[in-house]
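Below is one structure; the comments refer to it alone.
The values are calculated or read from the model by the stated rules, or taken from the named source; none is laboratory data. Since this is a predicted model, take the numbers as computed values, not measurements. When we count neighbours, we look across all protein chains shown, and the Cβ atoms used for this are built from the backbone with ideal geometry, even at glycine.
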Amino acid sequence: MEAFANPPMRGRHVSLRAVTADDYGFLAAAQTTEAMVVRWRFRGSTPGPDRAHQSMWQNVLAQFLVVSTVSDRPIGLVAAYQPNFQDGHAHVAAARFDTRRSPLMILGNTLFLNYVFTCWDFHKLYMKLPEYNFPQIRTGLNRYFEVEGRLRDHYFYGGRRWDELVLAVYREPWMERARKRLSVELAGPPLPKATGQTVTLQVPPVPETP
């Protein structure tokens, strides 16, 4: 019989922690910071607590805070949503709260994607994001994901219109390429220090209200 192993949710540098009601205040504050208020899911609007909390869970399959194991501080949020079990795909999204450029959120995403691919038989995961956020994850293009589609002039931000990019992470290529990164996070050498002032955001759309 093949050995059964749970997907790891804690590495040397980051862990995945379930979102609880105690986190709502922190998340509400995070989405209205100067760096995120126009880039996160509400894109400039400031909804009331009821709508903000409801939108966090609508069509969500799994959602975790990415937490630093050193400071025990949340540095980001990852989510899988809109699963299609018949055809074998879902959407994923991530928001990084920490404004410092560091590998921590990459490691959190690695743990999370491994979690999703281990728990469900999805053959690919979609990411949708505004084109103005793409430069912050460009280095992963054709290594961990591919561009599958583009919606022209889909967003308005900063006085101009931007495309929406539809990216896809394929199960087999990702599992093969991410295995080394995952092994480093679980038992590898220390990470370099964080630098810079960059925020990476890939966010799910806000559900339409009736």
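Across the range 82-104, the qualifying residues are those that are of a type in the set (A, V, I, L, M, F, W, C) and more than 17 Å from residue 129 (Cα to Cα), and the one among them that is farthest from the chain's Cα centre (by Cα) is 85. Checked against (1) of a type outside the set (Ser, Thr, Tyr); (2) modelled with pLDDT under 90; (3) under 13 Å from the mean Cα position of the chain (by Cα), residue 79 passes all but condition (2).
Scan the range 162-171 and give yes if some residue there is exposed (fewer than 15 other Cβ atoms within 10 Å of the Cβ), over 20 Å from residue 89 (Cβ atoms) and at pLDDT 90 or above, otherwise no. So far as the range 162-171 goes, no, none of its residues is exposed (fewer than 15 other Cβ atoms within 10 Å of the Cβ), over 20 Å from residue 89 (Cβ atoms) and at pLDDT 90 or above. Considering (1) surrounded by fewer than 16 Cβ atoms within 10 Å (Cβ to Cβ); (2) touching a Lys or Arg at 6+ places or on another chain (Cβ under 7 Å), the lone condition that residue 75 does not fulfil carries the number (1). Look at residue 108 and say whether it is over 11 Å from the mean Cα position of the chain (by Cα) and either modelled with pLDDT of 90 or more or surrounded by fewer than 20 Cβ atoms within 10 Å (Cβ to Cβ) (or both). Spelling it out, it is not the case that residue 108 is over 11 Å from the mean Cα position of the chain (by Cα) and either modelled with pLDDT of 90 or more or surrounded by fewer than 20 Cβ atoms within 10 Å (Cβ to Cβ) (or both). Within the range 128-161, the set of residues being part of a helix (DSSP H, G or I) and either modelled with pLDDT under 90 or under 15 Å from the mean Cα position of the chain (by Cα) (or both) comprises 132, 133, 134, 135, 136, 138, 139, 140. Restricting attention to the range 172-182, the residues that are surrounded by fewer than 16 Cβ atoms within 10 Å (Cβ to Cβ) and under 26 Å from residue 83 (Cα atoms) total 6. Does residue 41 satisfy being more than 21 Å from residue 179 (Cα to Cα) and modelled with pLDDT under 70? Considered against the rule, which asks whether it is more than 21 Å from residue 179 (Cα to Cα) and modelled with pLDDT under 70, residue 41 comes out as yes.
Among the residues of the range 129-184, the ones that are in contact (Cβ under 8 Å) with a residue 24 or more places away in the chain, among the aliphatic types (A, V, I, L, M) and within 15 Å of residue 114 (Cβ to Cβ) come to 4 in all.
Picking from residues in the range 120-161 that are among the polar types (S, T, N, Q) and at negative phi, the one that is surrounded by the fewest Cβ atoms within 10 Å (Cβ to Cβ) is 139.
Within the range 54-96, the set of residues being without any contact (Cβ under 8 Å) to a residue 40 or more places away in the chain, more than 17 Å from residue 107 (Cβ to Cβ) and assigned to a loop (DSSP other than H, G, I, E, B) comprises 85, 86, 87, 88.
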